[in-house]
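**Student:** Here it is: the structure, laid out below.
The values are calculated or read from the model by the stated rules, or taken from the named source; none is laboratory data. Just so you know, these numbers come straight off a predicted model, no measurement behind them. We place every Cβ from the backbone using ideal geometry, glycine too, and count neighbours over all the protein chains shown. To get the accessible areas, we keep the full protein, side chains included, count just its heavy atoms, and leave off ligands, DNA and RNA. Shrake-Rupley method; radii C 1.70, N 1.55, O 1.52, S 1.80 Å.
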Amino acid sequence: MPPAWVSPRESTLNTKQRIRFGVLPLRRLAEYAWNGALGNGLPVRPYYASLDVTYRCNLKCVHCSLWDRPEGEEEMTLDEMKEIVLKLKGWLNLPALDILGGEAFLRPETMHLIRFAAGQGLFIHITTNGTMLTERVCRDLIGLNIHKVAISVDGFNSVTHDRTRGVPGALRRTIRGVERLHRIRQELGGSTRITIHTILNASTLDEIGAVLEWVAKTGLDGFHLVPLDQNVGGVDHGTNGYIYEDDWFERNPLWIRDIPKLEQVIEHVIRKKGGGYPVADPVSYLRHTIPYFRDPGGIQHKRPCRAGSELVKVTPKGEVTFCPYEPPVGDLKESTMEEIWTSRAAAEAREKVQACTKKCFIPFCAWNETERMVRFWDQFVSKPKPRPEPGGGPAWNDESGGFMPPQEQLVNITPSARPPGR
């Protein structure tokens, strides 16, 4: 049985979108068959794409160096980004668009772009660190009824989160943004989903259970774990450039080395998912985080990479990339997506992907077709939604710089799992 706070919700799909989603599996099968008959070696077009509107960021995350890129880098104008949206709309299988950065809301044009894309009927996802979710931004997002806002939270108190995010006070600002967005959704209604993304690494491991408890009891809609990956700082900048470093995880202090504890945490998350908690990740994906951290060779033999078939990203300059370790395959400002998708550069990039043995676990590259459709159903169609019990979830405490949940809400997975100072 689901928890007491779960109650029905309306689907986020309008009639036209429901029809497009309903026929999506058939369209994908038909495209598989058509490409096979033609012998062109092309994969099925993805149903969504990511658009980085900027690499600039107001935080300095230790697992990312986008914020450390040179100032004054080229970024598309609003009109250019609108043209990109139109090209993607006409080409993607659904279409859905994830708008992110850097921190997307550092650009004043971002909200104008969101309004335009929403007006074109796209499913809109926003990925943000939450620190710039002002009253006006939140009201605009909820008023537009965009599909999802994903917010990064990397700890149950400011000691963990702020150290990971590199700026004192970051968690306080993020939680205020989450609370504001949630309050305005309750006030205005609508079906915008609010989800939390947490980096799975050594610093967050002890607090994942507590973050999940807060997500559920507060009435948020999803919780997603993102395994630590190599910090590349974008496809065209950084000390390593395009070079993948084979031993990056051995030198990274955030790499999880306590595998028994990892196993306990993952099993806890899986149990909570089975009990109705809003865990967005497929169980098979969660279980594979264990050999990813445990086995030096990685899990590529179990999860062939699908970059270049299910993952398309557009950079702030308008270039199309398949993989953060490989150069762009085309410029969407100058070409159509179909021209880029069928180009020799794209074919060569896919050949590299198929032969790749890199140790990485980027979720959207690694999901298989079943996991992709199951998660898609959970995120776009399923009706259950967490609602807070009387008294709500753990509350932010200004004095402690963290959450002070009721004693029974603390998730003590192991004797050392309780957040410091509790």
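A quick yes/no check of all residues on (1) in contact with a strand residue (DSSP E or B) (Cβ under 9 Å, 6 or more places away or on another chain); (2) open to solvent by 10 Å² or more (accessible area, probe 1.4 Å); (3) basic (Lys, Arg):
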position	(1), (2), (3)
Phe105	yes, yes, no
Met111	no, yes, no
Phe116	no, yes, no
Gly119	no, yes, no
Ile124	yes, no, no
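**Student:** Residue pairs, Cβ under 6 Å, 6 or more apart or interchain, first in segment 173-195 and closer than 13 Å to Leu141 by Cα and touching a residue at least 24 places away in the same chain (Cβ under 8 Å), second acidic (Asp, Glu) and buried (at least 19 other Cβ atoms within 10 Å of the Cβ). List them.
**Tutor:** Listed by first residue and then by second, the contacts come to Arg193/Asp221; Ile194/Asp221.
**Student:** Can you tell me how many residues within segment 138-159 are in a helix (DSSP H, G or I) and surrounded by fewer than 22 Cβ atoms within 10 Å (Cβ to Cβ)?
**Tutor:** Looking only at segment 138-159, we keep the residues that are in a helix (DSSP H, G or I), and these are 138-144, 158-159.
Of the ones still in play, those that are also surrounded by fewer than 22 Cβ atoms within 10 Å (Cβ to Cβ) are 139-140, 143-144, 158-159.
The number of residues fulfilling the criteria is 6.
**Student:** Also: With respect to Asp98, determine if the residue is of a type in the set (D, E, K, R) and touching a strand residue (DSSP E or B) at 6+ places or on another chain (Cβ under 6 Å).
**Tutor:** Yes; evaluated as a whole, the condition is true for this residue.
**Student:** Do any residues in segment 48-75 that are in contact (Cβ under 8 Å) with a residue 12 or more places away in the chain have Cβ atoms under 7 Å from those of residues that are open to solvent by 40 Å² or more (accessible area, probe 1.4 Å) and of a type in the set (S, T, N, Q), where the two are at least six apart or on different chains, and which pairs are they?
**Tutor:** Correct list of pairs: His63/Asn231; Cys64/Asn231; Ser65/Asn231.
**Student:** Sticking with this one: Restricting the first residue to segment 249-260 and requiring it to be assigned to a helix (DSSP H, G or I), which pairs with a second residue that is among the acidic types (Asp, Glu) and open to solvent by 20 Å² or more (accessible area, probe 1.4 Å) meet a Cβ separation below 7 Å and a spacing of at least six or different chains?
**Tutor:** none
**Student:** Which residue, of Pro304, Pro327, Pro296, is open to solvent by 20 Å² or more (accessible area, probe 1.4 Å), in a loop (DSSP other than H, G, I, E, B), over 20 Å from Val53 (Cβ atoms) and in contact with a strand residue (DSSP E or B) (Cβ under 8 Å, 6 or more places away or on another chain)?
**Tutor:** Values: Pro304 fails: in contact with a strand residue (DSSP E or B) (Cβ under 8 Å, 6 or more places away or on another chain); Pro296 fails: in contact with a strand residue (DSSP E or B) (Cβ under 8 Å, 6 or more places away or on another chain).
Answer to the selection: Pro327.
**Student:** Still on this model: For segment 270-280, indicate whether the set of residues that are open to solvent by 20 Å² or more (accessible area, probe 1.4 Å), in contact (Cβ under 8 Å) with a residue 12 or more places away in the chain and over 30 Å from Leu220 (Cα atoms) is non-empty.
**Tutor:** no
**Student:** Exactly one of (1) at pLDDT 95 or above; (2) more than 22 Å from the chain's Cα centre (by Cα); (3) crowded, with 20+ Cβ neighbours inside 10 Å is unmet by Val265. Its number?
**Tutor:** Unmet condition: (2).
**Student:** Only residues that are under 16 Å from Ile266 (Cα atoms), touching a helix residue (DSSP H, G or I) at 6+ places or on another chain (Cβ under 7 Å) and open to solvent by less than 10 Å² (accessible area, probe 1.4 Å): list them for segment 180-204, please.
**Tutor:** Result: Thr198, Leu200, Thr204.
**Student:** What are the residues in segment 38-58 that are surrounded by 22 or more Cβ atoms within 10 Å (Cβ to Cβ) and hydrophobic (A, V, I, L, M, F, W, C), if any?
**Tutor:** Across segment 38-58, the qualifying residues are Ala49, Leu51, Val53, Cys57.
**Student:** Now a separate question. Could you identify the single residue in Pro282, Pro316, Pro296, Pro278 that is within 30 Å of Lys82 (Cβ to Cβ) and touching an Asp or Glu at 6+ places or on another chain (Cβ under 9 Å)?
**Tutor:** It is Pro316.
**Student:** Can you tell me which residue within segment 333-357, out of those that are open to solvent by 70 Å² or more (accessible area, probe 1.4 Å) and within 15 Å of Pro304 (Cβ to Cβ), is modelled with the lowest pLDDT?
**Tutor:** Looking at the filtered set, the residue picked out is Thr357.
**Student:** Looking at segment 67-88, which of the residues that are out of contact with any Lys or Arg (no Cβ under 8 Å at 6 or more places or on another chain) and not in a loop (DSSP other than H, G, I, E, B) is surrounded by the fewest Cβ atoms within 10 Å (Cβ to Cβ)?
**Tutor:** Per the criteria, the residue is Asp79.
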